[in-house]
Amino acid sequence: MNYESLIFDIDGTLWDSRALVAEGYNLQLKDEGLEHLFVNAQQLKALFGKVMTEIADVLFAEIPLPERYALMERCMARENRYLQENPCAIGYPGVKETLTRLAENHRLFIVSNSQRGYPELCIRKLGLGSCITACLCFGDTGTSKGKTIRALMQRHNIRSCAYIGDTQGDYEATLEAGIPFIWASYGFGTPAGYGAKIDRISDLLTL
């Protein structure tokens, strides 16, 4: 396989932030007297990869709209602050080394279903600033991951690329975007299909 560009998912592909995200959410929920809505890493495993409104619909179903989404916004803002303060030693082994080598011959991008600022935080915490050309997320576009991928491709004139992700949602996004999917099997999900599979991030170097 030889692609001009590679586009990466974050959670379950570059790092595993579930425990830290749960801690950040819970700090906000505690401040608001909503301890009964505390979340944990296991709950988030099945939800990562979905857009923020879908996650809120599961975690905070008892909260009526539109306050449910407003609460989610506050939890995500607290999560961002919490991750900023944490060293975030949660990257999968070999991520920085692999992406540094890939960047010698490819343009590298990130597309995530996350809130605005989260991809930039990941890039900074993992030391990928010199590797990643650009990123785009749900918080920027407010639309599906497939459409966000297409928007990134158009913005940066990407003509040949593959998406590296770990969930069924990632696979469906590549079908919508019309690009190949490389499954990171070490992540959170088991997609219905894929064009290629990696068992560790460094497998990309030989794929």
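The values are calculated or read from the model by the stated rules, or taken from the named source; none is laboratory data. Treat the numbers as computed from the prediction; the structure is a model and nothing was measured. In case anyone asks, the SASA skips ligands and DNA or RNA and just uses the protein heavy atoms, side chains included. Shrake-Rupley method; radii C 1.70, N 1.55, O 1.52, S 1.80 Å.
Global dimensions of region 86-167 from alpha-carbon coordinates: Rg and Dmax equal 12.7, 37 Å.
Using heavy-atom solvent-accessible surface (probe 1.4 Å) with all chains present, what is the largest-first order of His156, His36?
His36, His156
Per-residue SASA remark: Leu207, around 70 Å² accessible (1.4 Å probe; ligands, DNA and RNA not included).
Which of rounded, prolate, oblate describes region 147-207, given a ≥ b ≥ c as roots of the alpha-carbon gyration tensor eigenvalues and a/c under 1.5 marking rounded, otherwise prolate only if a/b is larger than b/c? Verdict is oblate for region 147-207. At a probe radius of 1.4 angstrom, the accessible area of region 14-67 per residue rounds to 48 square angstrom. Length, then width, then depth: along the principal axes, the Cα atoms of region 79-130 run 34, 21, 16 Å.
Counting lysine pairs in the chain whose alpha carbons fall under 25 angstrom apart, excluding pairs fewer than 8 residues apart on the same chain, gives 17.
Across the chain, Cα pairs under 8 Å and at least six residues apart give a relative contact order of 27 percent. Ranked by solvent-accessible area (1.4 Å probe, protein heavy atoms only, all chains present), the residues Ser185, Ser112, Ser130 order from largest to smallest as Ser130, Ser185, Ser112.
If I compute solvent accessible area with a 1.4 Å probe over the protein chains, what percent of it on the chain is carbon and sulfur?
For the chain, the apolar C and S fraction of the accessible surface comes to 49 percent.
Summarised in one figure, the compactness ratio Rg/Rh of the chain, Cα atoms and Kirkwood Rh, is 0.96.
Across region 27-36, computed HN-Hα scalar couplings (Karplus, 6.51 cos²θ - 1.76 cosθ + 1.60, θ = phi - 60°) run 4, 5, 4, 5, 4, 9, x, 10, 4, 5 Hz from first to last residue, x flagging Gly and Pro.
Helix 145-155 and the long axis of the chain differ in direction by around 50°, with both axes built from C-alpha atoms. In this structure Phe138 has an accessible area near 40 Å², from a 1.4 Å probe over the protein heavy atoms.
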